[in-house]
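Following: one structure in structure tokens, then a few remarks.
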Amino acid sequence: MFSIDNLSVSIDDKSILKNLSLEIAPGQVHAIMGPNGSGKSTLAQSIMGISSYEVTDGVVRFDGVTITNLPAHQRAQRGIFLSFQQPPAIPGLRVFTLLKEMRQTNAKESFDLTAFMQEVKGYLELLSMDHSFLERNCNDGFSGGERKRFELLQLLVARPKVLILDEIDSGLDIDALKLVAKVLQKVKADNPDLMTIIITHYNRILEHIVPDYVHVLVNGQIVQSSDAALVPQLEQTGYANLL
Amino acid sequence: MSDISKASKYTAVYTAPKGLNVQIVRDISEQKNEPAWMASFRLKALALFEAKKMPTWGADLSELDHEDVHYYVKPVETQSKTWETVPEEIKKTFEAIGIPQAERSMLAGVGAQFESEVIYKQLKKKWADQGVIFCDMSTALKEHPELFKKYFGTVIPSHDNKFAALNSAVWSGGSFVYVPKGVKIDMPLQAYFRINSQSMGQFERTLIIAEPGSYVHYVEGCSAPVYKKNSLHSAVVELIALPGSHIRYTTIQNWSGNVYNLVTKRAVAYEDAKVEWIDGNFGSKVTMKYPCIVLKGKRAQGQVISIAVASKGQHQDAGAKIIHLAPYTTSNIVSKSLSKDGGHTSYRGLLKIAKGAHHSKSKIQCDALMFDDISQTDTYPTIDVKEQRVDIGHEASVSKVSEEQLQYLQSRGITEQAARALIVNGFIDVFVKELPMEYAVEINRLIAHEMEGSIG
């Protein structure tokens, strides 16, 4: 169980999220939709524990443990994964070095390099990526599509329990979207208890991954929650009448 | 870096009084039973040292007090120091970077028996059979006087600069290496094998002569911090790469934060010879070091790959000098610098292509990485080309480790320290790849250790 209880978050003393609550049961997919500037990315980053966001009130719980004050790396080690909307370039740091470090740091089992390389090779095939990708520097000179695929590659290596996808669909064509859906299906198949939060402001991705719940976030508050039937409705009416 | 400024007691059989004068220089020469020509060489150098002004360019040397330095300390024959008296901080650093116990003892100046002595004896026999000479400089002066005199001071004359003059006057310790024609030494010669000599002297002087077609890789220092009671380290290193030979010289030095490290290193590469300086600079208060290669013969090649790390209160003023004097010569400079907690790094480089050195090629790349806004980095490249038909490339970059990068890596389960280390290791990878395996491992550990002390 993953729950957010009355969460309020500020950046530089500016209040962004206001008393937001959300509860996700094992296996569920929740979509968070809303217009630009409504606080969607802030929610994602706050769940991850990114330090620039100040939690002024409320509690985040995961598996019965309060994680509100844990640093990001400890949340990640507990199984929370955030796919970044705009991942930064890290010149000099090779893709494979990061993947290896992630696994060595986070996995409970002892690390076997040969087996890990084999595993990563499988992921590259799934993502239709060349082996040479591993030798490139993280996000350095990557196209928009390559950045998204690198996030997916890390997701596969991370094998999370809670997955937050922050606009993984933005700027992707239909084939790339299908690829995202394919990866998510695999991750879910491997871990049926996976709890997923999909942040988006388009419904396109939700045609491929049907959410159990849809929440509309406006001005830092959830103004409407429903099942997937809300999605086409929002497509027609937009957010204007909710503002 | 850890504070390693507290000294343990040091026992010496002869210590010159502080400051420098003719009598002290005479005493040094006498203590060493040197021939008259060396005594006279030293005295001439002393006059040059006194006549020369302090450099006004480069790092700030205004706090360096020449009167407050012991210019000669003769170490005891059997050392009385014990492991227990080694400063705690140094021990901690050794542990953190995983230096083997035997090596730790030696580095801390503790006289101890250890296995490498046995290995060294075996190697020594193998080298001697090939005609290789590897000994300390004073021994070379006694046992190989002609060879010594033929090359000593020919690459870096005493009048080259104030600190070369100083070293010429008071030099003590350092390595002498002679590799006969066609001999390729298959493993690196390491200064720390010479456990009973002053391998880490204050004014050491190293001379390497590679006869035609020979190869040698010399390694000095290691990643452990070297504590120096005296605050001035001023070495001179001369390399002579005769036609078709190849000399690689690797330095990893990590000085305590009170040291002025002012070193002159220069190589001459003759026809088809190749010289490489691999130079890693950690610690010290001020380092001024610009390994130089004079490409004197056709098709000679030179390469300088360096890293410098500057922390709080430190200025690493380092770089490279390449002088192309002959046609078809090539050079490559890669300089990486890191500054954190208010540290200051400077790249100072000279590329000179003389008239007649046509079809020369040179590539220079200098990259600086900063960890915060209070650190500083700057570059002073000088390029002086007197020939038309040449090919020169120059690239420079300055980047900063951003909060965003650290947060991204932290969100992948990596601690902030480990994240910094990952970024740095990626940045200096090109340098680490050039090191012998055991040094590469040490450097990676050292970087991780350095990052622990860093403020975010």
Degrees, to the nearest 10: A:174-190 long Cα axis against longest axis of chain A
80 degrees
Kindly state, to the nearest 0.05, the FRET efficiency for A:K182 paired with B:K298, given R0 = 60 Å and r defined as their beta-carbon distance.
0.50
HN-Hα J in Hz across the range B:179-187 - Karplus 6.51, -1.76, 1.60, θ = phi - 60°, x for Gly and Pro:
10, x, 3, x, 7, 10, 7, 7, 10
Given A:K108/B:K312; B:K53/B:K289; A:K186/B:K433; A:K40/B:K312; B:K274/B:K312; B:K18/B:K44, which pairs have Cα atoms separated by over 30 Å?
A:K108/B:K312; A:K186/B:K433; A:K40/B:K312; B:K274/B:K312
If you project the alpha carbons of the protein assembly as shown onto the principal axes, what extent comes out on each, in Å, largest first?
100, 59, 48
About the Cα centre, charge dipole magnitude for the protein assembly as shown (Lys/Arg +1, Asp/Glu -1 at Cβ), debye
2520 debye
For the range A:170-239, rounded, prolate or oblate, judged on the Cα gyration tensor with a ≥ b ≥ c (square roots of eigenvalues), a/c < 1.5 rounded, else prolate if a/b > b/c?
oblate
So which of B:K125/B:K265; B:K150/B:K336; B:K142/B:K321; B:K285/B:K340 end up more than 25 Å apart by C-alpha?
B:K125/B:K265; B:K150/B:K336; B:K142/B:K321
Run through the range A:85-188 and list the chymotrypsin sites (Phe, Trp or Tyr not before Pro) located in a DSSP loop whose Cβ has at most 15 other Cβ atoms within 10 Å.
A:F111
Neighbour-count ranking for B:K149, B:K32 (other C-beta within 10 angstrom, fewest to most) reads B:K149, B:K32
Equivalent ellipsoid dimensions for chain A as semi-axes, Å, which come from the Cα gyration tensor, largest first
29, 21, 17
Hey, with R₀ at 25 Å, roughly what FRET efficiency would B:A440 and B:D186 work out to, going by the Cβ-Cβ distance, to 0.05?
0.85
Of the candidates A:L20, A:L206, A:L93, which one comes out as most mobile in a Gaussian network treatment of chain A with C-alpha springs shorter than 10 Å?
A:L93
Restricting to Cα pairs under 8 Å and 6 or more apart, the percent relative contact order of the range A:1-147 works out to 21 percent
Using only the C-alpha atoms of the range B:402-456, find the volume of their convex hull and express it per residue in Å³.
75 Å³
Can you list the equivalent-ellipsoid semi-axes of the range A:59-128, largest first and in whole Å, using the square root of 5 times each Cα gyration tensor eigenvalue?
26, 17, 12
Taking amide H positions as placed 1.01 Å from N in the peptide plane, with prolines and chain starts having none, which residues 5 or more places from B:I383, or on another chain, fall under 5 Å of its amide H?
B:L351
How high is the relative contact order of the range B:402-456, given as a whole-number percent (alpha carbon pairs under 8 Å, six or more residues apart)?
33 percent
Contour minus end-to-end for B:K355 and B:K125, with contour as 0.36 nm per residue of separation and end-to-end as the Cα-Cα distance?
78.2 nm
Computed over the Cα atoms of the range A:97-189, what is the ratio Rg over Rh, Rh following Kirkwood?
0.94
Span from the the range B:239-264 Cα centroid across to the the range A:187-213 one, whole angstrom:
59 Å
Can you pull the mean other chain C-beta count within 10 Å for peptide A:82-95?
5
In sequence order, what are the phi-derived ³J(HN,Hα) couplings for the range A:143-160 according to the Karplus relation 6.51 cos²θ - 1.76 cosθ + 1.60 with θ = phi - 60°, rounded to whole Hz, with x for glycine and proline?
6, x, x, 5, 4, 4, 5, 5, 4, 5, 4, 5, 4, 5, 5, 6, 6, x
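The numbers here are math on the coordinates, done by the rules we state, and not lab data. Computed from a predicted structure; not experimentally measured. With ideal geometry, Cβ positions are generated from the backbone for all residues, glycine too; neighbour counts draw on all protein chains shown.
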